[in-house]
Amino acid sequence: MLKPCAHSAAKYGMAATSWQTQLCGLCLGLRDGHGQLARAATNTDALVLGILTEAQQPHTAVRTEAGPCPLRGMRKASVAAADSPGVRLAATASLLLGAARIRDHIDDGDTRRAGRLPMTRVANRWHTGARAAAAPIGLDIEPLIAAIESQPRRERAAVSGSLESLDELTWPTQLCASELFAHTAVLAGRPENTDALREAGWHFGRIAHLADALEDIDEDREAGRFNPLTATGTGTADAHALLRESNSLLKAALTRVGLERNASIRWMLLDPLNAVVRKLGKAAGTIHTCTTHACGTRPSAESAEPAAWHAWQSPRHPGMFLAGIHTAAVDPGQKRAGMTGGGPHTAIGPQAVFGVEPPQTPTRRPGFWEGIGIGVTQYCTGYACCSDHTRPCSGERKESWLKRDCCDCGDCCDCTNCCSCDCGDCDCGCCDCSC
């Protein structure tokens, strides 16, 4: 979900390789602490934990020299230290989430029978590794494990009709993200930031869960798989309204965090989240492209964002944040006004019809041995770095990693000031910099 645009790094005074610095540090941290196979658990969204930890520290982050790697074109690089607190937290999260994802695939029947036993062993090993890695950094991981293990039960309840709240389905993801975000303040020696980061993580978790549900809804319908939106009867327009709300409230929570390096948070966390919300809004039909580049209108009262959305400054202006608003995390069992999963600041507009674009035929998933062959020939050899390739798990065609480092947005306009409505991050979509 978090893929910063290489072209926009310069406007924040950052090197475009800063993201890879964190990625390589996490990969090496997994290798050093848990073996070569653990590198497959590298979770790019978990990089935000290392970035947040460093951003709260006044001193310069520690870097180490890494040897040649196929993913860097066999070049050496200066990377985040594998034993730094932020990398160790990101590694713990990657192992925990990697184990949960494998178990989810097994439970959903997405794996062949021959592959279930070895995959279960890998998941158990990563699960044990996450527990072992959490103790030295002072993270209480048991509540996170309990939350993740409650997810299948919640999904079964949703299918049977005994659970109708979208909040209760997203709650495990939100809890895990909130506690991991909050722990970055502990590792950085900034306990005063804990509450605000916990709230930011709460909303990050909801964005991650709903974004995944929105992206997969067509494929899940076609394959008859569980999707939290269809299970709870939540429309795509309503789900996107929740995304917008959480994106705004996440920004508002970060206004209360004392950050020493704001630019890295803007570039590697907030800008990619804006792009995700904008992209999914277009897919859901709640955001339409402005062909004139001068829409000259403000959002209507029905689709107005919370105040923090419009309080966000353009990167052209000094300072990272303006005053925002605060909404504490709410127990998922409580019913909130207006809409299940919504909040007091959310007003839902008319239901949009999903599927403005024709639904695409689901990609065929490779078989177990076919997936192994793809992984060995395209990933282990470094082929995926330079050429478009097939993902061994899903069968999707993906661009080479070199292409993905550069979003190819050319001379696109500044996404935060692309039209004449002067509302900052407007959703007119007149410049599609969703890179």
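The values are calculated or read from the model by the stated rules, or taken from the named source; none is laboratory data. None of these values were measured; they are calculated from a predicted model. Note that each Cβ is placed from the backbone with ideal geometry, even for glycine, and that neighbours are counted across all protein chains shown. Calculation scope for accessible area: heavy atoms of the full protein, side chains included, ligands and nucleic acids excluded. Shrake-Rupley method; radii C 1.70, N 1.55, O 1.52, S 1.80 Å.
Couple of notes before you dig in:
- Nearest-0.05 FRET efficiency for Ser162 and Glu260, computed from C-beta distance (R0 51 Å): 0.60
- Computed with a 1.4 Å probe over protein heavy atoms only, the accessible area of Lys11 comes to about 100 Å².
- Cα centroid separation, the range 64-117 to the range 145-185 (Å): 22
- The Thr120 and Asp388 beta-carbon pair, evaluated with R₀ = 51 Å, returns a calculated FRET efficiency of approximately 0.95.
- Between Ile106 and Arg397, the distance separating the two model label sites (each 7 Å from Cα on the Cα→Cβ line) works out to 3.4 nm.
- Modelled spin labels at Glu192 and Val376, positioned 7 Å past Cα toward Cβ, are 5.7 nm from each other.
- Nearest-0.05 FRET efficiency for Asp83 and Thr60, computed from C-beta distance (R0 22 Å): 0.85
- With DNA, RNA and ligands ignored, accessible area of Ser18 (1.4 Å probe; Å², nearest 10): 30
- Rounded to the nearest 10 Å², the accessible area of Arg125 at probe 1.4 Å: 140
- Label point 7 Å beyond Cα of Asp32 along Cβ direction - residues of the range 57-78 with amide nitrogen under 12 Å: 62-67
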